Structure formats: C-alpha cells, structure tokens
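Taking it in order: structure first as structure tokens, then the write-up.
The values are calculated or read from the model by the stated rules, or taken from the named source; none is laboratory data. Please read all numbers here as calculations on a predicted model, not as lab measurements. Every residue, glycine as well, gets a Cβ built from its backbone with ideal geometry; the counts of neighbours run over all protein chains shown.
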Amino acid sequence: MSVVRFGVSIEKELLEALDDYVKENSFSNRSQAIRQLISDNLAIKKWKCNNIVAGSVTLVYNHEKSDIPGILTDIQHDYHKLILSSQHFHLDNNNCLEIIAVKGKAKDLTELAGKLIAVKGIQHGKLSMSRVD
Ligand code: NI
C-alpha cells in the first residue's frame with residue numbers, strides 16, 4: 001500500500017488531545033494514531049450495512065439488580081432469528097457473564113446488541129463481529 005502525505009489544519013486543543021491519545025495508546029507517532037482512528041471509524045460504518053457477519057455479544061451484569069435476566073430474555077426472543085446460542089456463567093454470588101453468539105446482517109446485529117447493552121444495570125457490554133460473506 002503506497003503512503004501519501006497530506007497537511008492537516010487542526011485546533012490546538014484537538015492536537016493536544018491527539019498527542020494524549022498517542023501517548024496513552026503507545027503509538028509511535030501522530031500518523032499511526034490518525035490511521036487507527038480513521039480505520040476504526042470506517043469499520044464502525046461497515047457494521048451498519050447489509051453484510052452478513054457473525055460474532056458475539058458479551059454482557060456482564062449483577063443479576064440481583066432489577067429484572068435484567070428477564071429483560072435480556074425478552075429481547076433475545078424478539079431477535080431469535082439472529083441468535084445461534086447463548087451461554088450464561090455465574091461469576092460469583094451476584095455477577096453474571098453472558099455470551100451470545102450471533103449471525104446476520106451487520107445492521108441488525110448492531111441493533112440487537114444496542115438494545116441488550118442499553119438495558120439498565122448492564123455493567124459491561126460489547127459486540128464483536130467478523131464478516132462471513
Ligand atoms: Ni448468573
């Protein structure tokens with residue numbers, strides 16, 4: 001891949017934020033950080049499309065807070081065509097880890113994951129996807 005140089009005008013504050021980002025993520029220079037930011041952003045855009053992808057939704061929550069398990073089950077029934085399997089692990093007395101394997105259109109999985117992760121009381125939620133078409 002050929003590399004092209006271009007000039008960028010940017011506010012001082014934004015440049016300082018970029019330099020912090022470079023340091024925090026141990027990038028070797030600003031160019032590397034900018035490349036990463038652009039490709040992350042493009043990947044997110046791709047996830048909003050009709051490509052068939054497979055992946056997982058990972059959720060961590062305290063099952064004693066509100067009715068999280070019931071709400072998660074309702075949402076999964078609404079989207080049952082996208083769900084391959086789900087696994088529930090009791091991490092300790094209160095905390096649960098749920099891993100839901102999913103396959104379907106990227107935009108549909110993004111919608112499903114968004115609903116699951118947005119359930120009140122979810123401590124951590126993440127969708128990861130790989131293209132399969
Ligand atoms: Ni549990």
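If the condition is being crowded, with 17+ Cβ neighbours inside 10 Å and at pLDDT below 90, then the range 101-131 contributes only Met129.
Taking the criterion of being more than 16 Å from Ile75 (Cα to Cα), part of a strand (DSSP E or B) and near the ligand (Cβ under 9 Å from one of its atoms), the residues of the range 87-105 that qualify are Phe89, His90, Asn95, Cys96, Leu97.
Evaluated against (1) exposed (fewer than 13 other Cβ atoms within 10 Å of the Cβ); (2) within 15 Å of the chain's Cα centre (by Cα), His90 falls short on exactly one condition, (2). Of the listed requirements (1) under 24 Å from Ile122 (Cβ atoms); (2) touching a strand residue (DSSP E or B) at 6+ places or on another chain (Cβ under 9 Å), Asp92 misses just one: (2). The set of residues from the range 60-89 being more than 18 Å from Leu127 (Cβ to Cβ) and acidic (Asp, Glu) comprises Glu64, Asp67, Asp74. Scanning the range 29-83 for residues that are under 20 Å from the mean Cα position of the chain (by Cα), farther than 30 Å from Val3 by Cβ and part of a loop (DSSP other than H, G, I, E, B) returns Asn50, Tyr79.
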